[in-house]
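Presented below is the structure to which this report refers.
Every number here is computed from the coordinates shown, using simple stated rules; none is lab data. Quick caveat: nothing in here was measured; it's all calculated off a predicted structure. Glycine gets a Cβ as well: all are built from the backbone with ideal geometry, and neighbour counts include every protein chain shown.
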């Protein structure tokens, strides 16, 4: 029987690439999404991967969704916390709603999802929790105090939970991508990309969603059991840790 993997924010961008890569490796995959029904349906039609609509920032919604996924597919072995949003503004202009929305999705979402799968993983003595952080959680970014705080928190969450679960056969790791060629990044004006962003990346290009997906596949594998509490930086050398 194949391992069961859930990828939040799985129908577009990095999440889509992760779902496809895991599916190709033989995992049974479920993808979550929050609001774009059209994109989710297109993803389901193209990949055959089932989709589940819920808000990772809502604990009860996560509990209900995970119960539905496990009823349909079986116990969850791999959780990829990928869902994320931005609400950029300098702090002196940021509203409480802009702060809370990003923290709820990008940080509390890790608790909400992980808390609802951790008991089963502990009972089965196996699990993989992989969270997508960001280069901006490592180095900070102007206008992203909310996003940077959440993504830095993802790394702290990863380290603490890794210590709690290491003896139970569960690994907990993070991946911190740099600039990846997703819809959001490619919407940046071409002159800004070519003159301000790409010159900061030593390898001389944007990353591809597949660059991140390959890291997820590696960390999710049964053979990666000695790697836990780690953060893989996938940024083309832009920021070295």
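Figures for the structure shown
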item: Between segment 215-240 and segment 110-172, the Cα center-to-center distance that results, in Å; result: 13
item: Principal-axis tilt of helix 13-24 within the chain, Cα atoms, nearest 10 degrees; result: 40
item: Listed residues 207, 26, 84, most fluctuating in the chain (Gaussian network, C-alpha, under 10 Å); result: 26
item: Space enclosed by the convex hull of the alpha-carbon atoms of segment 25-134, per residue, Å³; result: 124
item: Most fluctuating residue given options 229, 204, 181, as computed from a GNM of the chain linking Cα atoms under 10 Å; result: 204
item: Proxy reagent accessibility, fewest Cβ within 10 Å first, across 113, 94, 121, 184; result: 184, 94, 121, 113
item: Angle between the chain longest axis and helix 209-220 axis [Cα atoms, degrees, rounded to 10]; result: 40
item: Within a Gaussian network of the chain (alpha carbon springs, distance under 10 Å), most fluctuating of 135, 103, 227; result: 227
item: Rounded to 5, percent antiparallel among DSSP beta bridges of the chain; result: 0
item: Relative contact order of the chain, pairs being alpha-carbon contacts under 8 Å that are 6 or more residues apart, as %; result: 20
item: Least to most buried among 42, 151 (fewest other Cβ within 10 Å first); result: 42, 151
item: Nearest 10 degrees, 0 to 90: helix 109-124 Cα axis against the chain principal axis; result: 30
item: Fully extended contour minus Cα-Cα distance, from residue 88 to residue 141, at 0.36 nm per residue; result: 18.1 nm
item: FRET E, pair residue 2, residue 186, Förster distance 22 Å, beta-carbon r, rounded to 0.05; result: 0.10
item: Helix-derived mean residue ellipticity, 222 nm - over the chain, DSSP H n ≥ 4, -39500 (n - 2.57), to 500; result: -13500 deg cm²/dmol
item: Estimated FRET transfer efficiency (residue 122, residue 198; beta-carbon r; R0 35 Å; 0.05); result: 0.20
